[in-house]
Amino acid sequence: MIHLDANGSTAMLPEVLEAMLPWLRDGHANPSGAYASARAARQAIETARQQVASWIGADPDEIVFTSGGTESANTALRAMDRLVGQGSAVITAIEHSAVLRAAEELQRPVKHAPVHPDGRLDLDRFAALLPGAALASVMAANNETGVIQPLAEAASMARERGIPIHSDAVQLAGKAELNVRRLGVDFLSISAHKFHGPKGIGALYIRRGIRFSPWLVGGTQENARRAGTENLPGIVGLGKAASLLMARGSGHSDLRAHRDLFEERLLRNLDGVTVNGSTQHRLPNTSHLSFAGCEAVDLIQLLDQAGIECSAGSACMAGKIRPSHVQLAMGFDGPRGRSSLRFSFSILNSREEAMRAADLVTAAVLRLRTGNAGIAPTSCGILRG
Ligand code: PLP
């Protein structure tokens, strides 16, 4: 199988697994305990906190471990909601459901800032929504298109008005430079399984000095900011993944080269392929493409059989394939939305895989276009990560 669904999830790096194994095997002590093995567990947590903090340019006391991106985003939005006065929540129209749904739960109106057709936030329209806003959330990079958002600019606009801002950086982390101070955000969410760490663990950056109120209450873990006995192996794995990615640097020239090779080869092989979203402001790993004359669900089925794992950009709702909210926000028409696929590479994909994938996708598209695919009529059974 060639896994081209890294925006959905990534394989753990072997070093991450090795770092976690001793804690899975023998790390049963509760890190809050008062004995030597508990102190060792606590020390491992603090080492991981240091690793994550230095990777994203924060201080260790600004990092709270959570169960992943969804919990981090929910925590940030609820904390802001509880501590700010009246006013709307301004989020982008292309947020992941973790933010979209969390915003809907708040006891305040939610305003969605539109994006340009290239998938980037329209900063003028964002600025126009800020008067009357009490909190904001702007994702760092979109999970479907890979388009990198003008987050530093948006954060600066919010800051000027004293509006706290969260960013869902789940897709940016591990694929491009991420520095919380340079971005100027108050809260930022990351998730380990998107950058070769384990699933079910993430972190929330909480800028020192910003007001905070915990979502999960109970014990005093995480400096009373997130109650519950810590996921020690997960935290160790997250810290290790962060330190390994920090050592690799944020240039990701190989990753970009593989994605570009795949895309160029496909565009050479086939007519009627559109690259969706800004190519200038794009994660180095993501290729979001529409294939004229094809239904993404059929293509995914053929590619699965051919050994390629990727994801459809459309969503299946009530038995019908519909463009996703991201595609709608970018102004896609139905056919373009229904024919689009997301290919997302990781640092574990090789150059050979990129070339082979381009050839297999070419073959699958040609089969569909010539009516030669021999597959059952379109059925809903797909979803993106
Ligand atoms: N935000 C974005 C942009 C994502 O892509 C995802 C995962 O798909 C999440 C949040 C949710 O993260 P997690 O799976 O860690 O809860």
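Taken together, the values in this text are just the output of simple stated rules run on the coordinates, not laboratory data. Fair warning: this is a prediction, and the values are worked out from it, not measured in the lab. Counting neighbours? That spans all protein chains shown, and the Cβs are built from the backbone with ideal geometry, glycine included.
Some notes on this structure:
- For region 100-111, the Karplus equation 6.51 cos²θ - 1.76 cosθ + 1.60, evaluated at θ = phi - 60°, returns couplings of 4, 6, 4, 5, 4, 6, 6, 8, 7, x, 10, 10 Hz by residue, with Gly and Pro reported as x.
- Extended-chain gain in nm, criterion 0.36 nm per residue less alpha-carbon gap, A34 and E104: 21.0 nm
- Fewest-first ranking of K199, K111, K175, using other Cβ atoms within 10 Å as the exposure measure: K199, K111, K175
- Summing +1 for each Lys or Arg and -1 for each Asp or Glu among the other residues whose beta-carbon sits under 12 angstrom from that of S191 gives 0.
- Gyration tensor (alpha-carbon) shape descriptor, the chain, a/c threshold 1.5: oblate
- Panel order for S9, S167, by other beta carbons found within 10 Å of each beta carbon, from fewest to most: S9, S167.
- Taking every alpha-carbon pair under 8 Å whose residues sit at least 6 apart, the chain reaches a relative contact order of 22 percent.
- FRET efficiency, 1/(1 + (r/R0)^6) with R0 22 Å, evaluated for L123 and H281 via beta carbons: 0.95
- For L129, the shell of other residues with beta-carbons less than 12 Å away shows a net charge of +1, using +1 for Lys and Arg and -1 for Asp and Glu.
- Computed from phi, the 3J(HN,Hα) profile of region 185-202 under the Karplus parametrisation 6.51, -1.76, 1.60 (θ = phi - 60°) reads 8, 9, 9, 8, 10, 9, 9, 4, 6, 8, 9, 6, x, x, 7, x, 8, x Hz, with x in place of Gly and Pro.
- Residue-wise HN-Hα couplings along region 156-170, as the Karplus relation 6.51 cos²θ - 1.76 cosθ + 1.60 with θ = phi - 60° gives them from phi, are 5, 4, 5, 4, 4, 9, x, 9, x, 9, 9, 10, 7, 9, 4 Hz; Gly and Pro carry x.
- Entries of K111/K194; K111/K199; K194/K240 with Cα pairs more than 25 Å apart: K111/K194; K111/K199
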